[in-house]
Amino acid sequence: QKQYEDVMGTNPSSFKGNNLPVEMVSWYDAVEYCERFSKKYNVKARLPYEAEWEYACRAGTTTAYYWGNKIDGKYCWYYENSDGNTHPVGEKKPNSFGLYDMSGNVWEWCQDWYDGGYYVKSPVDNPQGPEGGNVRVLRGGSWYYYDNYLRSAFRDGLITGYRSVSNGFRVVVVR
């Protein structure tokens, strides 16, 4: 939240704390953050494409979760262990790429339009989703959801203007 507030000058989150993930952000809010972040730090920042997000989450694994085939609370915040709120980022174990909170804590908006639960319209190689729509991809599950939603392959979508205490985002800096 501190990073978000430093760039945006405001903090929309319901659960407040400098090291908590920002939530209550729409897809549009996340894109605007990336644009302002890019200008402030003279870099190219954007939301990840869904394929990039899954690659980063899996970190070379083929199991249901990046740590194995059974839920393990040492890696994620979800309904069973969250006590009904978000938690500071980086408290759980990272994946083998060193990335924290890829599963749980908050859903993460992706760049792609959502085409349903099974990549119906997306190409197999370098998928970037359909050309348009009114729903964007969310990945990773959240503190409010059960373990099945935290699987590395699970995908969902929401209307771009929707805000929720379960929704946040992750930034990709392109070099």
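The values are calculated or read from the model by the stated rules, or taken from the named source; none is laboratory data. Everything numeric here is computed off the predicted structure, so don't read it as measured data. Every residue, glycine among them, receives a Cβ derived from its backbone with ideal geometry; neighbour counts consider all protein chains shown. Just the protein is used for accessible areas: all its heavy atoms, side chains included, with ligands, DNA and RNA removed. Shrake-Rupley method; radii C 1.70, N 1.55, O 1.52, S 1.80 Å.
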Amide H within-cut-off set for GLY17, under 5 Å, with H built and near neighbours excluded = none
For the chain, with all protein chains present and a 1.4 Å probe, just round the carbon and sulfur fraction of the accessible area to a whole percent.
-> 50
Choose one of VAL22, GLY9, CYS110: the residue whose Cα lies farthest towards the positive end of the charge dipole of the chain (beta-carbon charges +1 Lys, Arg; -1 Asp, Glu; about the Cα centre).
-> GLY9
Length gained, ASN19-ALA59, 0.36 nm per residue minus C-alpha separation, equals 12.0 nm
How much of ASP156 can a 1.4 Å solvent probe reach, expressed as accessible area in Å² and rounded to 10?
-> 50
Hey, got the dipole for region 1-100? About the Cα centre, +1 on K and R Cβ, -1 on D and E Cβ, debye to the nearest 20?
-> 320
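Given +1 on the Cβ of Lys and Arg, -1 on the Cβ of Asp and Glu, and no further charges, what dipole in debye does the chain carry about its Cα centre, rounded to the nearest 20?
Roughly 360 debye, rounded to the nearest 20.
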Heavy-atom accessible area per residue of region 45-174, all protein chains kept, 1.4 Å probe, expressed in Å², is 49
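By average Cβ neighbour count within 10 Å, what is the ranking of 6-19, 56-69 from highest down?
Listed from highest to lowest mean packing, they are 56-69, 6-19.
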Report the FRET efficiency, 1/(1 + (r/R0)^6), for GLU32 and TYR100, where r is their Cβ-Cβ distance and R0 is 35 Å, rounded to 0.05.
-> 0.90
How high is the FRET efficiency between LYS93 and ASN134 when r is their beta carbon distance and R₀ equals 30 Å, given to the nearest 0.05?
-> 0.25
Label the chain by shape, choosing from rounded, prolate and oblate, from the square roots a ≥ b ≥ c of the eigenvalues of the Cα gyration tensor; if a/c is under 1.5 it is rounded, and otherwise prolate applies when a/b is larger than b/c, oblate when it is not.
-> rounded
